[in-house]
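Below: one structure, written as structure tokens.
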Amino acid sequence: MNVIVLQHIKVEDPGYIKDLMIKENCNLTTIELDEGEKIPKNLDKYDVMFCMGGPMDTWMEEKYPWLIEEKKKIKEFVVNQEKPFLGFCLGCQLLGEIVGGKVIKSKQPEIGMLNVNLTKEAEKDDIFSSFPKSLKALQWHSYEVQDVEKNKDVKILASSDITKTQIFKYKSHAYGIQFHIEVKDTTVNQWGCVPEYKLALENTFGTGALEKFDKEAKKNMDKLNFYSTNLYKSFKKKIIKI
């Protein structure tokens, strides 16, 4: 399986799912957009695209001009070629914007191990029908996708008390996931070194919040890894069909 991964900062890779792909000898092509790497002109050889999180926002095209080309390439892959796509956090928001939603600042930041509730639509979904109706997920975002469901090809599969669009599906091949289940034991500490993430965390919970967040994440890590495995295997079998 040939996989292209769009990364916006080195510490946000596909995490546990990356480990699963490496074990299966998948061919991974990682594009570090924040380091000036370019997305290949020809995307035909890739079976799936992963788009990860990052400290920037979708509207910051002046500061991060590579976002312009990234959006074009995601649209080409997902909308024009209708090829499998998974977007996490910023990746979810980029997909949402591309298929007609808008990305706005949330009423309040959503940070921590928080509940996500699956919708009725998820009960008949190829991937998320096997997930529990409610799960704890790692959240670390201050912006969200809205109005994406105005596109008739979009279904909202999960929401939280703060964010309506926690998971959405475009047609049958592309998913945006606002939260993180791809994380590993080392993730929270690594992300805590990113100034934008650390500031958002401390503004919400105060100084010293990182250690508490890290402990809570590790307490839930077995379940998160189980969800990652379930997501990856189902996506590969039912969406990529490999």
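Go through segment 45-154 and tell me which strands (runs of 3 or more DSSP E), entirely inside it, have 2 or more residues that are at pLDDT below 95.
102-118, 134-146
Pairs only if they're at least six apart or on different chains, beta carbon under 8 angstrom, first in segment 201-222 and among the basic types (K, R), second open to solvent by 90 Å² or more (accessible area, probe 1.4 Å); list them, first residue then second.
K212/F205
Any chance you could count how many residues in segment 200-223 are open to solvent by 100 Å² or more (accessible area, probe 1.4 Å) and either among the hydrophobic types (A, V, I, L, M, F, W, C) or closer than 14 Å to H141 by Cα (or both)?
2
Restricting to segment 123-157, name every residue that is among the aliphatic types (A, V, I, L, M) and closer than 16 Å to S228 by Cα.
Residues satisfying the conditions are I127, L135, A137, L138.
Please specify each residue of segment 124-153 satisfying the condition of being open to solvent by less than 10 Å² (accessible area, probe 1.4 Å) and of a type in the set (G, A, S).
Result: A137, single match.
Being without any contact (Cβ under 8 Å) to a residue 40 or more places away in the chain and over 16 Å from N2 (Cβ atoms) is the filter here; which residues of segment 29-63 pass it?
Selection gives E32, L33, D34, E35, G36, E37, K38, M60, E61, E62, K63.
So which residues in segment 201-224 are under 21 Å from the mean Cα position of the chain (by Cα) and not in a helix (DSSP H, G or I)?
N220
I need a count of the residues in segment 11-35 that are among the hydroxyl-bearing types (S, T, Y) and in contact with a strand residue (DSSP E or B) (Cβ under 8 Å, 6 or more places away or on another chain).
So the answer is 2.
Considering only segment 16-28, I want to know if a residue exists there that is closer than 25 Å to K155 by Cβ, touching a residue at least 24 places away in the same chain (Cβ under 8 Å), open to solvent by less than 10 Å² (accessible area, probe 1.4 Å) and in contact with a Lys or Arg (Cβ under 8 Å, 6 or more places away or on another chain).
The answer is no, given that none of the residues of segment 16-28 is closer than 25 Å to K155 by Cβ, touching a residue at least 24 places away in the same chain (Cβ under 8 Å), open to solvent by less than 10 Å² (accessible area, probe 1.4 Å) and in contact with a Lys or Arg (Cβ under 8 Å, 6 or more places away or on another chain).
Under the condition of being of a type in the set (S, T, Y) and part of a loop (DSSP other than H, G, I, E, B), which residue from segment 155-169 is most open to solvent (accessible area, probe 1.4 Å)?
The selected residue is S160.
Only residues that are under 26 Å from K218 (Cα atoms), among the polar types (S, T, N, Q) and in a loop (DSSP other than H, G, I, E, B): list them for segment 170-200, please.
Q178, T186, listed by residue number.
Restricting to segment 170-180, and then to whatever is in contact with a strand residue (DSSP E or B) (Cβ under 6 Å, 6 or more places away or on another chain) and not aromatic (F, W, Y), can you tell me which residue is surrounded by the most Cβ atoms within 10 Å (Cβ to Cβ)?
Ranking the candidates gives G176 first.
The values are calculated or read from the model by the stated rules, or taken from the named source; none is laboratory data. This one's a predicted model, so the numbers in the text were calculated from it and none came from an experiment. Because the Cβ atoms are built from the backbone with ideal geometry, glycine has one as well, and the counts that use them run over all protein chains shown. Ligands, DNA and RNA are excluded from the accessible area calculation, which covers all protein heavy atoms including side chains. Shrake-Rupley method; radii C 1.70, N 1.55, O 1.52, S 1.80 Å.
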